[in-house]
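Below you'll find the structure, written out as structure tokens, and then a few comments.
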Amino acid sequence: MKISKKMHWFVMGMMVLTIFSCKPEEVQDVERPVINSVMVNSVQQETHELTAGNSFVVQVGLTDNEDLSQLKINVHSADDGHGHVDLPGYEGLENVGLWSYSRVFDLSGTASSPTSTIAIPDTITGVWHLEIMAIDKAGNESDEKVYNLVVLP
Amino acid sequence: MKATFILLLFWMCIQVTWGQDSIPRQEGRVLEIKGHWFTFQAQDFFSSMKVDPNMLSQQRGGQLSNTLTFLPGVSALNTGVGIAKPVIRGFFGSRVAVMDMGIRQEGQQWGNDHGLEWDQFSIGNLTIVKGAASLEFGGDALGGALIIEHEPWPKNKNSTQILGVVSNNNRQRGWSVFHQQVLKLSNGVSARCGARITRLSTDDYRVPVDSFTYLNRTLPLKNGVLSNTATQENHITAFSEWRFPNGGLRSLRLTYRLNDTQSGLFPGFVGVPTLQSVSGDGDKSNFSLPRVNNLHQKLLLAMQFKAGDDFIRMNVGFQRSNRVELSRPHQPGFVPYSADSLSLGLTLNTTQWNLGKDWILFNAWRLKTGLQFQLKQSEVCGNEFLIPGFKQHQQAFYATVVDQNQIHFHQFFGVRVEQGGIAIKGYQQPWYNVDQPTDSVLVRALPFAKRSMGWAAQYGWTWTGPKDWQVHSVLGKVYRIPQINEWAINGIHHGSHRHEKGSTDLKWESGYQWDANVMKEWGNGHAQLTGFVAYYDNFIFLAPQSYFSDLPDGGQVYAYQQRAVLWTGGELFLDWHPLQWWNTDFALEAIHTRENTTGLGLPFVPPIAMKSNQRWYWSKGNQHEWAFLVNMRYAFDQNRVSRNERTTPGYFVMNANFQYGYKWSNQRSISFVLQCNNVNNSVYYNHLSLYRPMNLAEQGRWIQGTMALNF
């Protein structure tokens with residue numbers, strides 16, 4: 001019995017040693033990339049008014065502490081199936097027509113400012129979301145940015 | 001690391017064998033400490049908590065999983081209030097087995113946002129196993145298990161229970177009726193039949209804030225209401241049980257359970273929330289899109305045969321799970337524009353068959369053997385794609401040996417060998433041009449078949465020392481078969497824009513676990529210290545990748561990968577009964593995880609927390625009983641998170657409840673429980689809530705009343 005009790009404490013001690021003897025690995029990059037600016041036709045604001053049938057230019061400025069990987073620009077309807085959007089200033093505006101856009105940019109380095117020119121179909125009106133996301137090489141994801149695109153006839 | 005554990009196992013075997021005292025033959029020993037809320041047991045391979053059924057009625061949360069969160073080492077993974085699954089020491093989902101009459105519950109547990117399909121009132125006895133329960137319940141149960149038993153036999157010829165519950169937060173209201181009847185039969189045969197029907201409804205969920213910030217925008221919540229989060233549950237349980245004094249067949253039990261739940265999903269949970277969608281339609285009890293319907297049915301048969309001096313156990317179960325997710329089609333190109341709202345239809349049929357026999361060997365060693373077989377078949381449909389259909393079979397053999405020869409010290413050893421195979425169907429998703437399918441398709445899953453084999457082994461001992469010291473220690477190797485989502489998920493899961501991707505390269509998960517419990521009992525209290533260490537060679541988890549999804553509305557790709565992981569922690573529990581009418585307990589629980597490649601923690605790990613219950617109770621004669629309970633929880637900041645996971649600030653929450661019971665005979669009683677939760681109206685975030693990434697706080701102060709009539 002005495003041997004067993006000794007064994008018990010020996011095992012517990014060994015377990016503790018095993019845990020603390022794990023080689024402390026260097027923690028990888030955990031810093032998120034930052035989307036510093038999103039300009040639509042050179043203007044940086046929450047809501048952008050655009051005209052159906054025209055094009056617009058999106059320019060994104062972003063940085064990372066180590067190495068950027070990808071940027072995604074996505075446009076999708078903001079109406080959630082309700083047919084209208086209660087965006088202040090545009091209450092009651094109905095979404096008409098179908099439009100979506102998605103593009104991924106491959107990036108590298110610690111700073112980048114990719115630009116995309118996006119054509120708006122001439123058959124749509126309403127409110128769409130412009131969604132910007134970025135990832136670095138370690139897999140850290142930036143805080144997403146979402147802007148309103150109000151498309152008028 | 002691996003070699004160290006194997007050496008330790010070997011060393012323990014040798015030392016324990018040499019260290020035994022020779023003591024006359026005795027029955028196997030169960031270390032047991034009876035606390036106020038639960039009985040802690042350490043028997044053979046399990047350390048478990050057998051929960052007092054009265055506690056369940058006094059501490060009732062919205063779901064069974066929430067009810068259990070005041071226990072040390074137990075948490076819940078929530079999606080609001082209507083969907084929850086139990087978390088034991090940070091493990092959840094397929095890593096925690098839910099056992100019903102010896103059959104493992106098999107539903108759509110592969111999704112974090114898929115709740116446990118269970119009627120929270122249909123519980124006779126509940127035992128929570130903490131730590132690996134792999135040998136008997138399957139390799140998956142490496143985190144623990146919930147063992148749920150039927151209501152006990154009535155003291156008289158029949159018993160009836162009528163339960164009602166009402167709450168103010170989300171206007172939860174419901175009732176449950178249970179009746180069982182003992183049948184009079186000849187030749188000493190006893191039998192009973194019974195049934196329970198439960199119906200529960202909730203309106204939209206309310207939080208103590210009037211806005212929330214998601215992405216870079218702040219959206220209002222009118223009156224703190226999360227639109228489209230109402231739930232409705234319907235449950236039916238029917239059973240018949242027979243006991244025979246003679247002959248080969250000694251007992252037979254047949255049970256049918258139906259769990260039908262419908263839950264609305266907060267619009268922000270599926271896609272980007274907009275002002276319109278979070279404003280709701282003004283109706284707090286309806287179900288709009290998106291929503292989930294879940295229908296789980298099972299038929300279970302348990303039999304026990306007498307064979308010579310021993311018994312043979314046989315359990316057979318058939319389960320069918322139908323999960324339907326409805327949402328507005330939102331993947332242009334992947335669905336015709338005129339598509340209906342069925343985004344996912346998932347059907348899973350599971351057949352299980354278990355056979356077990358106990359043997360008494362020489363020198364009072366007890367040998368327990370078992371054979372298990374399981375077959376799963378799954379079909380999928382809908383506009384979207386997450387997992388493909390599949391067929392999976394598993395067959396296992398286990399044997400455990402327990403030394404019943406010692407009084408103060410006994411040891412046990414067991415092995416499990418399992419062979420399994422899976423065949424996954426391929427899936428090609430057509431591209432649509434408006435309503436017409438085009439020639440191009442996107443391959444979402446390739447046909448895949450694999451067979452593998454794994455084994456688990458555990459060795460442990462219990463020791464009862466002088467002055468009521470008790471120690472229980474189990475060391476083992478465990479394995480887990482990857483789930484279908486880990487093999488083959490390829491789509492956008494709710495709750496984020498994540499594109500989750502499985503991998504057919506995954507191997508069976510394997511690891512080494514050590515659990516130890518030290519218990520000390522004294523006149524009016526007890527203390528228990530539990531520690532656990534687990535090292536997994538190839539733990540499977542979702543990890544963010546450095547690229548985006550190629551699906552139009554998909555965000556970052558999260559892929560299932562295998563990494564070496566260290567999982568450690570412990571619980572300290574003190575239970576003190578200073579006065580006849582006062583009981584107090586305190587629990588401290590901590591879990592630390594480390595993914596060895598990056599040094600980061602794993603996702604959804606509960607924070608360090610302190611829990612305490614104060615209960616005062618009085619009685620007058622045998623008829624009147626009053627009790628007042630204060631339950632407190634302090635959670636520390638959770639800053640040790642996985643990549644891209646949010647940290648969560650600490651919080652303090654206090655609940656209080658008052659109970660009155662009147663008993664006018666042995667079987668007839670009525671009780672009322674008035675419960676006030678989050679008394680301090682704390683605005684806090686639950687690190688284990690799937691609403692946490694959206695910055696949605698938990699419920700504010702809410703009151704719940706429960707009435708139970710037994711006769």
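The values are calculated or read from the model by the stated rules, or taken from the named source; none is laboratory data. Note that the coordinates shown come from a computational prediction; the quantities given were computed from them, not determined experimentally. Don't worry about glycine lacking a Cβ; one is built from the backbone with ideal geometry, like all the others, and counts go over all protein chains shown.
Return the only residue of B:Phe448, B:Phe373 being closer than 23 Å to B:Leu300 by Cβ, surrounded by fewer than 20 Cβ atoms within 10 Å (Cβ to Cβ) and among the aromatic types (Phe, Trp, Tyr). Only one candidate passes the filter, namely B:Phe373. Out of B:Phe548, B:Phe541, one residue alone is more than 9 Å from chain A (Cβ to nearest Cβ), aromatic (Phe, Trp, Tyr) and under 28 Å from B:Arg692 (Cα atoms). It is B:Phe541. Among the residues of segment A:91-115, those identified as loosely packed, with under 12 Cβ neighbours inside 10 Å and more than 21 Å from A:Ile132 (Cβ to Cβ) are A:Glu91, A:Gly92. One residue stands out among those in segment A:107-153 that are polar (S, T, N, Q) and part of a loop (DSSP other than H, G, I, E, B): the one that is nearest to B:Ala559 (Cα to Cα), which is A:Asn140.
Within segment A:46-53, does at least one residue satisfy the condition of being at pLDDT 95 or above, of a type outside the set (Lys, Arg) and within 30 Å of A:Ala138 (Cα to Cα)? No.
Filtered by the rule that a residue be among the polar types (S, T, N, Q) and not in a strand (DSSP E or B), segment B:73-107 gives B:Ser94, B:Gln105. I need the full set of residues from segment A:30-44 which are within 13 Å of another protein chain (Cβ to nearest Cβ) and either under 16 Å from A:Lys72 (Cβ atoms) or not hydrophobic (A, V, I, L, M, F, W, C) (or both), in order please. Matches in segment A:30-44: A:Glu31, A:Arg32, A:Pro33, A:Val34, A:Ile35, A:Asn36, A:Ser37, A:Val38, A:Gln44. Residue-level analysis places B:Trp487 outside the set of residues that are aromatic (Phe, Trp, Tyr) and within 30 Å of B:Asp575 (Cβ to Cβ).
Here's the yes/no breakdown for (1) in contact with a helix residue (DSSP H, G or I) (Cβ under 9 Å, 6 or more places away or on another chain); (2) crowded, with 22+ Cβ neighbours inside 10 Å; (3) part of a loop (DSSP other than H, G, I, E, B); (4) small (Gly, Ala, Ser):
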{"position": "B:Gln120", "(1), (2), (3), (4)": "yes, yes, yes, no"}
{"position": "B:Gly124", "(1), (2), (3), (4)": "yes, no, yes, yes"}
{"position": "B:Leu135", "(1), (2), (3), (4)": "no, yes, no, no"}
{"position": "B:Asn156", "(1), (2), (3), (4)": "no, no, yes, no"}
{"position": "B:Leu163", "(1), (2), (3), (4)": "yes, no, no, no"}
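Being more than 7 Å from chain B (Cβ to nearest Cβ) and in contact with a strand residue (DSSP E or B) (Cβ under 6 Å, 6 or more places away or on another chain) is a property that A:Ser112 has. Evaluate the following for B:Asn655: is it outside any loop (DSSP other than H, G, I, E, B) and not hydroxyl-bearing (Ser, Thr, Tyr)? Considered against the rule, which asks whether it is outside any loop (DSSP other than H, G, I, E, B) and not hydroxyl-bearing (Ser, Thr, Tyr), B:Asn655 comes out as yes.
The listed residues are B:Gly621, B:Gly705, and the only one of them that is closer than 30 Å to B:Gly164 by Cβ, under 28 Å from the mean Cα position of the chain (by Cα) and either surrounded by 15 or more Cβ atoms within 10 Å (Cβ to Cβ) or of a type outside the set (A, V, I, L, M, F, W, C) (or both) turns out to be B:Gly705. Of everything listed in (1) touching a residue at least 40 places away in the same chain (Cβ under 8 Å); (2) more than 13 Å from chain A (Cβ to nearest Cβ); (3) farther than 21 Å from B:Lys34 by Cα; (4) polar (S, T, N, Q), the single unmet condition for B:Gln528 is (3).
The listed residues are B:Phe586, B:Phe636, B:Phe532, and the only one of them that is aromatic (Phe, Trp, Tyr) and at pLDDT 95 or above turns out to be B:Phe636.
Within segment B:658-692, the residues that satisfy the criterion of being part of a strand (DSSP E or B) and of a type in the set (S, T, N, Q) are B:Gln659, B:Ser669, B:Ser671, B:Gln675, B:Asn677, B:Ser689.
This table checks each residue for (1) at pLDDT below 80; (2) under 28 Å from B:Phe586 (Cα atoms); (3) within 14 Å of another protein chain (Cβ to nearest Cβ); (4) surrounded by fewer than 24 Cβ atoms within 10 Å (Cβ to Cβ).
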position	(1), (2), (3), (4)
B:Leu8	yes, no, yes, yes
B:Cys13	yes, no, yes, yes
B:Gly19	yes, no, yes, yes
B:His36	yes, yes, no, yes
B:Met55	yes, yes, no, yes
B:Ala76	no, yes, no, no
B:Val81	yes, yes, no, no
B:Ala84	no, yes, no, no
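Among the residues of segment B:617-632, not a single one is touching a Pro at 6+ places or on another chain (Cβ under 6 Å) and assigned to a loop (DSSP other than H, G, I, E, B).
Looking across segment B:555-586 at every residue that is polar (S, T, N, Q) and touching a Pro at 6+ places or on another chain (Cβ under 8 Å), the one that is surrounded by the fewest Cβ atoms within 10 Å (Cβ to Cβ) is identified as B:Thr584. When only residues in segment B:408-445 that are surrounded by 15 or more Cβ atoms within 10 Å (Cβ to Cβ) and of a type in the set (S, T, N, Q) count, which is nearest to the other protein chains (Cβ to nearest Cβ)? My answer is B:Gln411.
For segment A:74-105, filtering for residues that are modelled with pLDDT of 80 or more, at the interface with another protein chain (Cβ under 9 Å from one of its Cβ atoms) and part of a strand (DSSP E or B) leaves 6. Filtering B:Thr593, B:Thr568 for residues that are part of a strand (DSSP E or B), in contact with a His (Cβ under 6 Å, 6 or more places away or on another chain) and either more than 30 Å from B:Glu384 (Cβ to Cβ) or more than 14 Å from every other protein chain (Cβ to nearest Cβ) (or both) leaves a single hit, B:Thr568. The criterion of being of a type outside the set (Gly, Ala, Ser), surrounded by 14 or more Cβ atoms within 10 Å (Cβ to Cβ) and over 30 Å from B:Tyr536 (Cβ atoms) holds for B:Val679.
Listed here are the residues, each with its yes/no results for (1) part of a loop (DSSP other than H, G, I, E, B); (2) touching a Leu at 6+ places or on another chain (Cβ under 6 Å); (3) away from every other protein chain (no Cβ under 14 Å).
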{"residue": "B:Thr462", "(1), (2), (3)": "no, yes, no"}
{"residue": "B:His472", "(1), (2), (3)": "no, yes, no"}
{"residue": "B:Ser503", "(1), (2), (3)": "yes, no, yes"}
{"residue": "B:Ser510", "(1), (2), (3)": "no, no, yes"}
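Just one of the listed residues (A:Thr47, A:Thr125) is closer than 30 Å to B:Gly280 by Cβ, more than 12 Å from chain B (Cβ to nearest Cβ) and either hydrophobic (A, V, I, L, M, F, W, C) or out of contact with any His (no Cβ under 6 Å at 6 or more places or on another chain) (or both), and it is A:Thr125. Against the conditions (1) at pLDDT below 95; (2) within 14 Å of chain A (Cβ to nearest Cβ), B:Ala559 satisfies every one except (1).
Candidates in segment B:353-397 are the residues that are under 30 Å from B:Leu342 (Cα atoms) and polar (S, T, N, Q); of these, the one that is modelled with the lowest pLDDT is B:Asn383.
Considering (1) within 11 Å of chain A (Cβ to nearest Cβ); (2) out of contact with any Gly (no Cβ under 8 Å at 6 or more places or on another chain), say which one B:Trp522 fails and leave the rest. Of everything listed in (1) within 11 Å of chain A (Cβ to nearest Cβ); (2) out of contact with any Gly (no Cβ under 8 Å at 6 or more places or on another chain), B:Trp522 misses just condition (1).
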